[in-house]
Amino acid sequence: MDTYMSVKCYGKEAEEACMAAEREIQRLDSLLSTGKEDSEVSKINRTGSAVLSGDLKTLMEMSLEVWEKTSGAFDVTVYPLVELWGFSSKEFRVPGKEEIKETLKITGSDKLSYDRESGKLVLGDSQKLDFGGIAKGYTSMKLKEVFSSFDIDGAIVSLGGNVQTYGAKPDGSPWRCGIQDPFSSSGQSVIAAIEADNLAVITSGSYERFFTGEDGKTYHHIIDPSTGYPAESDLVSVTIISKNGAEADALSTACFVMGMEKAVKLWQDSGRKYEMILITKDGTLHITGGLKDSFQTNSKFEIIY
Ligand code: AMP
Ligand code: MG
């Protein structure tokens, strides 16, 4: 998954649980990686069609649901744009307006056909899938299942800074997760901390992956599917805290694209069933009400209800 991962387990079968977690991460990586030629997703991207089952079927359906719910802000067909900007090859470049316009003609989940019943997927012309915006959260959700089959007391997983906690902390206190400071260049400092037992804490930020163009501007890896350019809003980072890691991951990417106002509206419309920490460009933390008693920060914050 092209990132640093760490798994810690505590209890009687901690070692076995860690090894099983590693195997599960490798398994999902071989399925979902766009960078590996022999992954299932790469094969689908070459052939343009497949009958989906298991993980891929679940991921496709979740992705389409979030695509619909976010009016297209989360879109698994964004990959041709990711490639165009060089985020897949790491040969970064600022594409021309015409190239972007042409590529936008092929992207869009409305241009693929998918049948839930049979799992039959047919991509539109030259379309390619990228589950990079949901894969880490989905993996953390699957790891919960892995952990439940071992005799362990607790576990904490970090997949590129996205955290999943499981069970109890060895000393009985709640698990605490740090939210990375998007304004720190070292990538090491924390802007807030929250208590999160049996929850996924998933962050999307413009500081995670970016390059500086010849024009001196920075371009990051979260693409606005409606413009083809890196998403520009009032947000620098979005953290979603939820029991459902996959949904949290897709939503963190989508909310980053949508901006603060729409992200809050989506949260209200969905019955406030997850929590959020939105950090705006002015450095303010906007925290949903449910986190009121479980977070700490030295920064300026306001609570959203
Ligand atoms: P995340 O770190 O979860 O926000 O995911 C970012 C990754 O998802 C990028 O590196 C791309 O591979 C992919 N991606 C970028 N923009 C989008 C988007 N609008 N919808 C879905 N996936 C995206
Ligand atoms: Mg995401």
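Points to keep in mind about this one:
- Per the Debye formula on identical point scatterers at the alpha carbon atoms of the range 214-305, with no solvent, log10 I(q)/I(0) at q = 0.10, 0.16, 0.20, 0.22 Å⁻¹ is -0.27, -0.66, -0.98, -1.14.
- FRET efficiency for E65 and S118, using Cβ-Cβ distance with R0 set to 30 Å, rounded to 0.05: 0.95
- For the residue pairs K169/K243; K36/K217; K12/K36, the C-alpha atoms sit more than 24 angstrom apart in K36/K217; K12/K36.
- Rg over Rh for the range 201-247 works out to 1.05, both radii taken from alpha-carbon positions and Rh defined as the Kirkwood radius.
- The stretch between E83 and S53 holds 8.2 nm of extra length on full extension. This uses 0.36 nm per residue minus the Cα-Cα distance.
- Stokes-Einstein, applied to the Kirkwood radius of the chain over Cα pairs at a viscosity of 0.890 mPa s and 25 °C, places its translational diffusion at 123 µm² s⁻¹.
- Between amide H atoms placed 1.01 Å from N, distances below 5 Å from V78 occur with D130, all of them 5 or more places distant or on a separate chain.
- Under 5 Å between amide hydrogens, built in the peptide plane, is the criterion, and for D153 it picks out Y10, G11, K12 among residues at least 5 positions away or on other chains.
- In sequence order, calculated HN-Hα J values of the range 64-74 (Karplus, 6.51, -1.76, 1.60; Hz; x Gly/Pro): 5, 4, 5, 4, 5, 5, 9, 6, x, 5, 9
- Qualifying lysines (Cα of each under 16 Å from Cα of K105; at least 8 residues distant if same chain): K97, K128
- Dividing the mean sequence gap of close Cα pairs (under 8 Å, 6+ apart) by how many residues the range 122-168 holds gives a relative contact order of 30 percent.
- Inter-centroid distance (Cα atoms) of the range 63-80 relative to the range 26-52, Å: 18
Where a number appears in this text, it was derived from the coordinates with a stated rule and is not lab data. None of the values given here were measured: they were computed from a predicted structure. As a convention, Cβ positions derive from the backbone with ideal geometry for all residues, glycine included, and neighbour counts pool all protein chains shown.
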